[in-house]
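Okay, handing you the structure first.
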Amino acid sequence: MQNIVVLISGRGSNLQALVAADLASSPIVEQRARIAAVISNRPGAGGLDIARAHGIPTRIVDHTAFAGREPFDRALMAAIDAHAPDWVVLAGFMRVLGHDFVLHYAGRLLNIHPSLLPLFPGLHTHERALAAGMRVHGATVHFVTPDLDSGPIVAQAVVPVVEDDTVERLAARVLEQEHRLYPQVLRWLVSGRARLGEDGRVRFDPPAPEAAALVSPPLGYCD
Ligand code: GRF
């Protein structure tokens with residue numbers, strides 16, 4: 001059984017999607033994974049209630065209680081490592097993590113970002129996609145490297161930007177796909193179907209690059 005530790009800061013809808021995916025019930029024993037713990041840097045994060053409701057251990061490591069990033073990162077690492085994680089999954093975790101932290105979890109630290117990276121790293125991605133006149137937008141799951149919102153891409157989900165879109169509607173359209181994308185990526189990684197190659201690119205075995213591109217609605221919908 002592989003261990004997943006999920007880090008959150010907020011409402012936890014991606015956490016909810018990972019819980020619902022029930023990776024612990026894979027038919028192949030070595031390919032099972034459980035959410036071993038949910039850790040939040042914010043005591044009031046809604047996602048903590050989701051974890052508690054499913055009997056998942058929770059922990060709060062409140063960044064405001066630390067003098068700076070390094071002591072916070074060290075405390076967070078200790079809290080995570082207590083659960084012997086195979087995978088550390090950032091799901092709406094809103095703190096930038098330091099170099100040592102990222103290197104400590106190299107190859108097992110994942111993030112979901114609400115844009116088609118490398119476009120629009122950072123905040124306010126939906127506003128920026130609309131302002132740029134994008135016709136498509138989406139979400140990316142990637143391995144985390146020390147630079148913000150960068151690192152080897154595992155999979156992306158693409159949604160259309162429609163006429164007279166609003167930030168709220170576009171955000172909801174992307175979020176719906178995030179909830180499909182993150183569990184799928186975890187299934188691939190836990191099963192070994194996808195892995196991070198030594199060249200820093202993600203490989204699929206058997207190869208199926210199209211499987212890593214969710215397009216919703218599928219291309220051709222407006223024919
Ligand atoms: C998601 O849009 C995710 O891509 C971003 O933060 C948001 C978290 O939402 N990193 P939730 O807490 O999972 O509902």
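Can you name the residue in segment 54-97 that is part of a loop (DSSP other than H, G, I, E, B) and among the aromatic types (Phe, Trp, Tyr) and, of all such residues, is nearest to the ligand (Cβ to nearest atom)? Before you say what the answer is, go through the steps one by one.
The initial filter retains those residues of segment 54-97 that are part of a loop (DSSP other than H, G, I, E, B), namely 54-57, 61-62, 66-68, 82-86, 91-97.
From what's left, among the aromatic types (Phe, Trp, Tyr): 66, 93.
Details: PHE66: 22, PHE93: 7 Å.
Selected residue: PHE93.
Same structure, new question: Give the residues of segment 98-126 that are under 24 Å from ARG34 (Cα atoms), more than 9 Å from the ligand (Cβ to nearest atom) and not aromatic (Phe, Trp, Tyr), sorted by residue number.
Result: VAL102, LEU103, HIS104, ALA106, GLY107, ARG108, LEU109, LEU110.
Next up: From the set of residues in segment 124-162 that are within 17 Å of ARG173 (Cα to Cα) and assigned to a loop (DSSP other than H, G, I, E, B), which is least open to solvent (accessible area, probe 1.4 Å)?
Looking at the filtered set, the residue picked out is VAL161.
Could you list, in sequence order, all residues of segment 16-50 that are open to solvent by less than 70 Å² (accessible area, probe 1.4 Å), among the aliphatic types (A, V, I, L, M), more than 12 Å from the ligand (Cβ to nearest atom) and free of Cβ contacts under 8 Å to residues at least 60 places away in the same chain?
ALA24, ILE35, ALA36, ALA37, ILE39
The values are calculated or read from the model by the stated rules, or taken from the named source; none is laboratory data. Here the structure is a predicted model, which is why all the values come from computation and not from measurement. Cβ: placed from backbone, ideal geometry, glycine included. Neighbour counts: every protein chain shown. When the accessible area is computed, the model is the full protein with side chains, heavy atoms only, and any ligands, DNA or RNA have been set aside. Shrake-Rupley method; radii C 1.70, N 1.55, O 1.52, S 1.80 Å.
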